[in-house]
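Worksheet: one structure, shown below.
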Amino acid sequence: MLASTSPPPLMLDFSTSSPTHAPTRVGIDLVQVAAIAQSIADFGPRFTRRLFADGELRDATLDGCLDARALAQRFAAKEATIKAFDLSDVGVGWSQIEVVDCDGDVARVRLHGRAAASVAACGTYEIAAALSSQGDLACAIVVATNAMDTASATHAPNTPNTTNSEIERETAP
């Protein structure tokens with residue numbers, strides 16, 4: 001029998017940063033496309049208006065019909081955002097988490113209302129989402145990077161560099 005030569009597991013020490021001001025936050029979610037399609041069929045606009053912002057509905061419309069796959073990806077991104085920022089007990093509305101600037105499978109997340117206020121209490125974050133689907137499953141991974149930690153980072157040309165606090169100020173009444 002050979003002795004194992006694998007390295008010890010990597011241990012990360014976050015004791016120097018508080019959980020509310022974490023440098024990076026990550027969330028992931030998986031959604032059945034058929035469940036979203038069925039909810040659209042069963043509840044129509046009552047369902048879609050409750051969960052999605054106008055821009056999301058517009059962006060997920062193909063040939064005059066809502067694309068359940070695109071909405072499932074956006075719903076997964078909303079769930080992933082809730083997980084990344086531990087918003088489940090805050091009482092945010094689904095449309096307060098908006099998936100914007102979708103370019104294929106890459107998007108940004110824009111926050112409004114209570115969602116924006118809760119996240120702002122944790123710091124200023126740049127929130128990106130990767131969207132994917134295969135078969136009946138849609139997936140999203142959200143990565144939120146503390147803008148203070150990335151303030152000196154160089155962004156590629158035409159790459160959005162807008163933080164959730166700046167977006168909230170832009171959309172505030």
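The values are calculated or read from the model by the stated rules, or taken from the named source; none is laboratory data. No experiment lies behind these values; they were computed from the predicted model shown. Note that we place each Cβ from the backbone using ideal geometry, even for glycine, and neighbour counts take in every protein chain shown.
How about the range 115-173: which of its residues are crowded, with 17+ Cβ neighbours inside 10 Å, modelled with pLDDT of 85 or more and either at positive phi or touching a His at 6+ places or on another chain (Cβ under 9 Å) (or both)?
Hits for the range 115-173 are 122, 123, 146.
Under 8 Å between Cβ atoms, which residue pairs at least 6 apart in sequence (or on different chains) link something in the range 40-58 that is more than 14 Å from residue 112 (Cα to Cα) and assigned to a helix (DSSP H, G or I) with a partner that is hydroxyl-bearing (Ser, Thr, Tyr) and at pLDDT 95 or above?
Final answer for the pair search is 40/48; 47/39; 57/48.
Determine which member of the set 61, 81, 48 is out of contact with any Phe, Trp or Tyr (no Cβ under 7 Å at 6 or more places or on another chain) and surrounded by fewer than 16 Cβ atoms within 10 Å (Cβ to Cβ).
None of the others qualify; the one that does is 61.
Looking at the range 58-70, is at least one residue of a type in the set (Lys, Arg) and under 23 Å from residue 23 (Cβ atoms)?
no
Using beta carbons and a limit of 7 Å, which pairs, at least six apart or on different chains, have the first residue in the range 89-109 and within 19 Å of residue 126 (Cα to Cα) and the second one assigned to a strand (DSSP E or B) and at pLDDT below 90?
So the pair list comes out as 107/101; 108/101.
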